[in-house]
Structure formats: structure tokens, C-alpha cells
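The values are calculated or read from the model by the stated rules, or taken from the named source; none is laboratory data. The shown structure was predicted, so the numbers you read here are calculated from the model rather than taken from an experiment. FYI the Cβ positions are ideal-geometry reconstructions off the backbone, even for glycines, and counts take in every protein chain you see.
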Amino acid sequence: MCRIGAIKSLDYVHPSIALKLMQSQQEGHDNSGFAMVMQNLGGIFESYKHLPTLSMACTDDGIKIAENILHEIGFRRIVQWSPQVNDWPGLDISAMPHYVFETFNYPYAYESLGKKKKQELLLDTRLRLREALEDNEEGFVYSFWPDLITLKEIGDPHDIGTYFNLWEVDDRFTAKVITAQCRQNTNYDIVRYAAHPFHLQGYTILANGENTFYLKNKEFQQGLHRGYIGFESDSQCFLYTLHYVHRQLGWPLRYYKHVVTPLPFDEIEAREDKQQLLAIRQSLTHLEFNGPNTIIGLLPDNTLFTCCDAKKLRPVVIGHDDRMVVISSEICGINEVLPDRDWETDIYPNERETVAIDDNLEVQRWKQ
Amino acid sequence: METIKVNNTTVNDLPWKIIYDANRCTMCGSCVATCSFKAIKMKVERRRMVFSEGDFPEPKAQFSAVPVISQVDSVRDYCRGCGMCEKVCPNDAIRPERNPDTRHPIITRCLGGGSIKRGGRKNLEGGKRTLDSIRVGRISQMTDPSLDAQRHTFDLLAPFGRILPPGKLPFSPNQNNELVSNDTTPPVNWIYPVIIGDMSIGALSWRMWEAIAMATAYLNEECGLPVRMSSGEGGVPRRLLRSKYLKYMILQIASGHFGWNRIVTSMADMIEDPAGILIKIGQGAKPGDGGLLQAGKVAEHIQAIRGVPKTDLLSPPNHQGLYSIEESVQKMFLSMSAAFKFRVPVAIKVAASSTSVSVFNNLVRDPYNIVGGFFLDGIDGGTGAAHEVSLDHTGHPIASKLRDCYLAAVSQGRQGQIPLWAAGGLGKTGDLAADAFKMICLGANGVFSGKLILQMAGCVGNDMGRCNACNTGLCPVGITTQESQLVHRLDPEKAAQNIVNYFLAMDQEFKKLMAPIGNSSLPVGRSDALISTDRGIAERLEIQHVC
């Protein structure tokens, strides 16, 4: 099984906390990787929240290919940060030669254009970079989005932390939201893109579980949006459905749960909003999930949420204090990060619930 | 000694031979009275027995007249192998036996000068079916646990009606972050994934049709299974049209429009909408051919329901006045939808064909979102009457064509917008749940079944030439006849009970198939759940080949 975790804090926190959160759950995962998405960035990226940051792992040639493309489109680099790595012998890590976190100014032609146009440009650029770097695995482009950084690597999470110097707390590399997962895809081939969290246009998803409607989801999603590609993991379907429901259709987050685990028909019939719920079940039936799973998601406005399958076959728990909320597959992870919290206020969401946390750390529980 | 007359029809020319044991026969006459085909008769045989009484051979002859049962040597009144004689014989003295040396297909044409007609299904290629080489092979284990068929809840429902693409749903969020509707959406009914039909009152006896209607109502009202029955082309009794049970009926309109006079004139008195309208363009058992009800079956009550005199009732092979698919969408669908004020979904039924995907594409791309279901009927479907050459030699198997249509929808991102319903020999081996489940995994939303329903009620016909006499009006079990004496052989309540029980068993079996793949709603299009031991079938249907 996977173990997933997320931290949302009023203060900027260092990724070492995410490592601690996941490390204590290591008996539940297989220590085969570490991946995280940081959003609402602090430290060196804090001044550039409105500008896109590229997160990429690549070879020497990969850097050149990517920079040529970005230059050709007209992106202008303003910040570049590469983690200082500890390439010590004996570390269990299959590292790529370069890790690049670069923040860019938009091309001049786009500066006066609206947010939507810029967002489409960022997606198109990421897809183009990904395609260009795919031959010979010259590089992996994980995200290209404002105020967001993605890191993914194969190996032992502890050693990955050591390699990237993530155990040493500093205030240069921080964020108010961090989502993390410690396992490579074990169902299929080990592919860097297959590790959660997955990101698309400000939406991030990580999941513990399986999606037995993978084929149905995939066949439907691949025609819905140009950004719905890859499908290296059945969990990517969770992300694309979130993106489609919330961004493309413009529906409130609470309807995500109605799409992925619709209510039984007899319960829908008893509802006042049965017209909408039935129509959702009909028109989005190929986006329904089946199988055991728990999802943690992150929206562009920093809202963090969790929900799970309709039979509650995978665990999740939410703990919090005044300054921080932590979502975790296992309680031991929360105990590690928030040992002094009032554990009686921990939340164990049920199979019909979505729990969402906004920027004020207000926790909302929506019954489906 | 008689001269051999080789062109005379004799019983060894016929498809079935009566095996009769005079020693066991009590001459009760039950078999002769029972045989609706008049294929056996009583007669007196002259017997000569030679015997000798003394120590030395002194042969004497004794003549006697013995009453016996004898097979009729006629190509009209011939034995169909239905076995009713065997069923009623108290002494096991008589039974039909298949005659592998029959010359029936040849001499019938030679003597009659006309095409052979019969009922039933295709009687060729009786070997292994496509669905029998497919298994549900994706079993949940370990991290993805199987469900418990007894404990968990399952949603066993399928849509009937046009489904909008998500981007066209007329919803927007209000101030409370709730989706509100700004417009209407096409009507959709969620029903059980097995529809009964579509067999007309006329093709069936009134008792059989009533038994199905009773079973349908019982399944809905008492068992909680929202099963729907299609009327077939031939109308509906007025009493039913005016009752609350109309909501369980799908009204069919075919090229003869039989029965629609009554339906239209009953509209003002309807207290419920029907479950749907099914426009029949074609039928899998006799593609390209219209319905056929021979005059012998057009009894008085059939004349009344259909509004016709006693004559052969031939539905034209196509709807007159329809020029193209586009026109059918505009004219028929709109007029049928308008008739019920757009509250009732309207679907189309066609015979599976090499061109099915083109037809489906035309319908799924229609910009008016009218067509509410694509019913695809394969070659193994049954019929009450058809020319044998059509039954045996025209048509298209259902599995690959259903799959083609689903994949055509997938390639356009339109899967689910027009629900796919498949039929044509499903449940032929008795396991409808398994067949239906496999078809659903291949992309069907649901299936429909006719012949099997009759077999539940007592039909003894099969695909190896047994009985198949639905066209004659002489159905020996009272199912496809309007002869009062024969109809009364069928106990409608017992037939209804059998249908209900079969559906209850099937419902359990659906759950036993959904549980191991870990799904609580129907796995439409989950071809990854299927495997096949046949490489050709696996490749054609795009499922995993295993060995």
C-alpha cells in the first residue's frame, strides 16, 4: 500500500517535516521513492508567487533542449535554484544528473493577457518540454506553474532526503502547503512520472489505493483535454477528474465526490437536488472511481482536501493544532509532526465525506 | 408387392422419426390428442403371426388387426420433435428421435415451390460461442479486495435515454455553491440492465404475453428490480395502457405500426408515461426483413388490438417514408418524443450489420441529442416467424459489433451518450447473467432477451431444429399460438413465477460476478476484466489473450 500525507500551515514549513511525516509510516510503504509538491512557497521563491516555476529533472542535453524551447517561446528566467546535493556513496537513490527549479517571466506578448491565456501557455509549454525530453529520457518535467514546486525521485526516502539536503532545516526552501508520498508505482513499470503527487494547472492529487475503473476513466479522459496524458498510474485519473470537474466545468469542489463515488440511486431519488445528481451520474459515469482508495487533493487557491472510496477501504486521518493541519494515511505520521495536539479532535472521514481546509485552516466537513 | 415410388414422402425423409413401442402402448390416445401438429395418428395394422403347435413344424398363420400409433408422412403435418407425446405417455411408449438423414430441406421446397418458413433461431454453426471462450479473469486480490456479494450493496442499473456530454449539462453554481439547473435535460430512465422483449401480442399467445407483463409488474412491485418489458410491434391491451403498470412497458413501433391506433387513442386516458419508446428498424434473427404474422395466428382479439382483418400481417422491411438516418432522427424521433411531450425516452433497434458503426456514428453525432438508446440485435436472436434462409444465412454476430460501436464512441469521446443495448442469442446456454456481464464489460449498458424468456415459460424449442414451429400457430406449449385449446396448456401464473425466479437468480449471479472484480456499479466498458483463451477472439475484441 501507499502512504500519503499533506501539511497545511499558517507558517512556512520546511520539507523535512514532510519527510518526518512519511518516515514514521515507512512500514506501510516500501521505501521505494519520495515525491512532493510544495505550494504557496516561501524562502527564495516567496517574491515570485505570480510567476511560473519550472520543476524538472534532466540530463545535460535535457537542460539545453528545454532552455532552447523556453527561449524560443519567449520565457525570461529570473530565478534559478538547484538543490545542493550530497552525492555520498551508498545512498539508495537513482538520481538524475540535474534538478532544476527555475522561475520565469512570461513572454512579452503574454504580459498583458489574462490569467486564463497564461495558464494555457504554461500547460502547452510543459507538454512541449515533456515531449521534447522524452526521447532517451533526457528529462522529466513535473510542473510549470506559479508558486509551486515538484520533486520526485526513486530510492529510499531517507537517502533521498539526505541527497537533497532536505533533513537540514533552513528558511530558503519552504512552503505553506506540502503534499508527499513515499513509494514508486509498484503496479506497473517504475516510471518517474508515475509517482504521486500529480500536478496539472494548479491541481495536485495523491492517492493511496487502486482505481479499478482505470480503463473506463482513461478512455474517457484522453478525449476530454489535451493535458490528460501519460496515464502511467491509475491514480492520475483522480487528478484529471478533479481538474475537469472543478476547472473545466467550473463546479464547486463538493461535486467532485458526487462524480467519483456517486450516491446509490435510491438515495439520489430521495434528494431535493436529484435532477442534478442524476444528471451528474449519467453524464460523468465514465469518471466514476471503483476500488479501494483515499485521495488527498490540493486546489489552486491552496484549499487542501481529502475523500475516499464509497466503501471506506483505505484509511486516512486528519490532525491539527492552531497553526497546522496534517492529513496522513496513518496516525503515527501525525503523532510525529504534531505530538502535542489534542488528539480527541482528530478527524476520521467517512465514506461519504469530503474534508476541506482553507487558507485560514478552517476545516469543513461536507456530507455527500 | 408394392412398386417403389421414390418420390413419395416417407417418414425417413422427415427431420424427426417417431420411435414407438406397441408392446408398452395402452392405446390411451393421449399422444395423438396432444400432438398439435397432427404428426401422429391412430391406425390399425394388419398383423400376421406364423406359429406351430406340435412337435413337428406345422406352420399356421393367424391374422389380427392391431391398433397402433403411426407417424404421418407429410411435409405439412410432420413431427417437429417437440416431445409432447413423450411427455404425456404414461408408459414411455413413444418419443421422437432426430433423423440425421432427413431430406426435409429439399423435399419441402420441391413439393411446395415456396421458401421454408419457421420460428426460433439460427440452426447452423451450433459450436462454441464467442462468449463461451471469454472469462472474467481480472480478479481482485490482496490490495484491491473483492467485495462481498451478500453484504455489500450494488447498483445494478442501466440508462435508457439520451445522455448529454458533461460540458452540455445546463448547470451552474449559485451563491451557496450548489449547482442549479438553467434548462431541461433529455429524459433518462435508470432500469434493470436486462430488458424483456420485444415480442408482440400476436406472436405470443395472450396468456404468454400476460405472463410476462405479470412477471414484470411483480419484479418491480414486490422484488424491487426495475425490469422493463418491450411490447413488441402489435399493440398493448387498453386495460394495460390505462393502468399504472404502463410505466413498466416500453412501447414498440415498427414498420407496420400495428397496434398504434389503440395506443394513440388511449393517450388521453393514460395515468402513467410508458418507460420508453422503441423504434424498431430491424431484427437480428431476420435482418432486412419485416415482421411476419401469418393469418392463422390473427385471431379475433389480435384483429381488435391491431385494427386489422384476418390476413397475413407483413411489416414492410423498412419504415415507409424514411429516406435516411438523418430523416429518421428528425421525423420519427421528434414525433414520438413530441407525442409524450419529451418526457419519454425514444430509442432505436437495429439488426447488427457490417454497417452498424456508421449508423451508430450518425446517431451519436446528431446535434439534437434525441436518440435515447441504440438497441443492437445479433444473428442469434429469435423470431416468431421468418424465412429459414434469412434465419440461417443472414445477419451478424453481436459480440464484435457491439464492441465496434462502443470503441467508435470511445474514439470520439462519446461513450455513454447513447446507451448501447445488445441482444442476439444471449442466455442461449441458460446463463444470461454471465453473457450479459461479458457484454457489459465489452461496452454494453445492458442487454435484452426474448427467446430465453419463452424458454423460462416452457418453450421446448432449441437451436438444433427442435420444434421451431412458432410460425404455425400450433405451439405445443401454448406460447406462440392463438388456438384456445393450446393456449390453455400454459399456466400464466406458473410462467410468470418462473420468469420472476429466473430474474432473482440472475440478480444474485450478477453480484457474484461484480464482487470478484471489486465493482459496486456496472463495469460498462471494463474490457480489462475479460480474458479469452481464443487468440482470434481476444485480438478482435481487444481483450487479453490467455492460455
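Of all residues being among the acidic types (Asp, Glu) and surrounded by fewer than 23 Cβ atoms within 10 Å (Cβ to Cβ) in the range A:161-210, which is nearest to A:Leu127 (Cα to Cα)? Just the residue, please.
A:Asp189
State which residue is farthest from A:Leu249 (Cα to Cα) when the search covers only the range B:154-177 and only residues that are assigned to a loop (DSSP other than H, G, I, E, B) and facing chain A (nearest Cβ under 7 Å).
B:Leu157
B:Ser411 versus (1) farther than 26 Å from B:Ala217 by Cα; (2) within 14 Å of chain A (Cβ to nearest Cβ); (3) surrounded by 24 or more Cβ atoms within 10 Å (Cβ to Cβ); (4) not basic (Lys, Arg): which is the lone unmet condition?
(3) is the only condition that B:Ser411 fails.
Could you say which residue among B:Val359, B:Val346 is surrounded by 12 or more Cβ atoms within 10 Å (Cβ to Cβ), within 18 Å of B:Ile253 (Cα to Cα) and among the β-branched types (Val, Ile, Thr)?
Answer to the check: B:Val346.
Take the residues in the range B:136-153 that are of a type in the set (Val, Ile, Thr) and at the interface with chain A (Cβ under 7 Å from one of its Cβ atoms); name whichever of them is nearest to B:Ala422 (Cα to Cα).
My answer is B:Thr153.
Just to be sure before I move on: is B:Ile94 under 30 Å from B:Pro15 (Cβ atoms), touching a strand residue (DSSP E or B) at 6+ places or on another chain (Cβ under 8 Å) and modelled with pLDDT under 95 in the structure I sent?
no
Specify the residue that is nearest to the chain's Cα centre (by Cα); the eligible residues are those in the range A:205-221 that are within 13 Å of A:Gly291 (Cα to Cα) and among the polar types (S, T, N, Q).
Ranking the qualifying residues of the range A:205-221, first place goes to A:Asn208.
Check the range B:216-234 and report whether any residue there is surrounded by 22 or more Cβ atoms within 10 Å (Cβ to Cβ), over 26 Å from B:Val500 (Cβ atoms) and basic (Lys, Arg).
no
Could you identify the single residue in A:Lys20, A:Lys8 that is closer than 27 Å to A:Arg323 by Cα, basic (Lys, Arg) and touching a Leu at 6+ places or on another chain (Cβ under 9 Å)?
A:Lys8 is the lone residue from the list that is closer than 27 Å to A:Arg323 by Cα, basic (Lys, Arg) and touching a Leu at 6+ places or on another chain (Cβ under 9 Å).
When the residues of the range A:331-368 are filtered to those that are within 27 Å of A:Phe289 (Cα to Cα) and basic (Lys, Arg), which remaining residue is surrounded by the most Cβ atoms within 10 Å (Cβ to Cβ)?
My answer is A:Arg352.
Which numbered condition in (1) closer than 15 Å to A:Gln276 by Cβ; (2) in a loop (DSSP other than H, G, I, E, B) is the only one that B:Arg151 fails?
The one condition B:Arg151 does not meet is (1).
With the requirement that a residue be assigned to a loop (DSSP other than H, G, I, E, B) and under 29 Å from B:Leu522 (Cα atoms), what does the range B:184-223 give you?
Across the range B:184-223, the qualifying residues are B:Thr184, B:Thr185, B:Pro186, B:Pro187, B:Tyr192, B:Pro193, B:Gly197, B:Asp198, B:Met199, B:Glu222, B:Cys223.
With the requirement that a residue be among the charged types (D, E, K, R) and in contact (Cβ under 8 Å) with a residue 40 or more places away in the chain, what does the range B:87-123 give you?
Listed by number, the residues that qualify are B:Lys87, B:Asp92, B:Arg95, B:Glu97, B:Arg98, B:Asp101, B:Arg103, B:Lys117, B:Arg118, B:Arg121, B:Lys122.
Within the range B:107-137, how many residues are β-branched (Val, Ile, Thr), out of contact with any Pro (no Cβ under 9 Å at 6 or more places or on another chain) and part of a strand (DSSP E or B)?
Going through the range B:107-137 one residue at a time, the tally reaches 1.
Any residue in the range A:43-69 that is closer than 13 Å to A:Asp147 by Cβ sitting within a Cβ distance under 7 Å of a residue that is part of a helix (DSSP H, G or I)? List the pairs, counting only those 6 or more apart or interchain.
A:Pro52/A:Leu122; A:Thr53/A:Phe45
Restricting to the range A:272-302, count the residues that are assigned to a helix (DSSP H, G or I), touching a helix residue (DSSP H, G or I) at 6+ places or on another chain (Cβ under 8 Å) and either touching a residue at least 60 places away in the same chain (Cβ under 8 Å) or within 7 Å of another protein chain (Cβ to nearest Cβ) (or both).
3
Applying the selection to the range B:362-408, what residues are within 19 Å of B:His319 (Cβ to Cβ), charged (D, E, K, R) and surrounded by fewer than 22 Cβ atoms within 10 Å (Cβ to Cβ)?
B:Asp366
Mind listing whichever residues of the range A:121-168 are part of a helix (DSSP H, G or I), closer than 20 Å to A:Gly74 by Cα and hydrophobic (A, V, I, L, M, F, W, C)?
A:Leu121, A:Leu122, A:Leu123, A:Leu127, A:Leu129, A:Ala132, A:Leu133
Which one is farthest from B:Ser400 (Cα to Cα) among residues in the range B:104-137 that are modelled with pLDDT under 95 and in contact with a Cys (Cβ under 9 Å, 6 or more places away or on another chain)?
This residue is B:Arg118.
Can you list the strands (runs of 3 or more DSSP E) found entirely within the range A:1-99 that contain at least 3 residues being buried (at least 18 other Cβ atoms within 10 Å of the Cβ)?
Those strands (runs of 3 or more DSSP E) span A:4-13, A:33-41, A:52-58.
Restricting to the range A:197-239, name every residue that is within 13 Å of chain B (Cβ to nearest Cβ) and of a type in the set (Ser, Thr, Tyr).
Those that are within 13 Å of chain B (Cβ to nearest Cβ) and of a type in the set (Ser, Thr, Tyr): A:Thr212, A:Tyr214, A:Tyr228, A:Ser235.
Could you please give the count of residues in the range B:499-547 that are assigned to a loop (DSSP other than H, G, I, E, B), within 14 Å of another protein chain (Cβ to nearest Cβ) and over 27 Å from the mean Cα position of the chain (by Cα)?
8
Out of all the residues in the range B:55-70, is one or more modelled with pLDDT of 95 or more and closer than 24 Å to B:Cys475 by Cα?
yes
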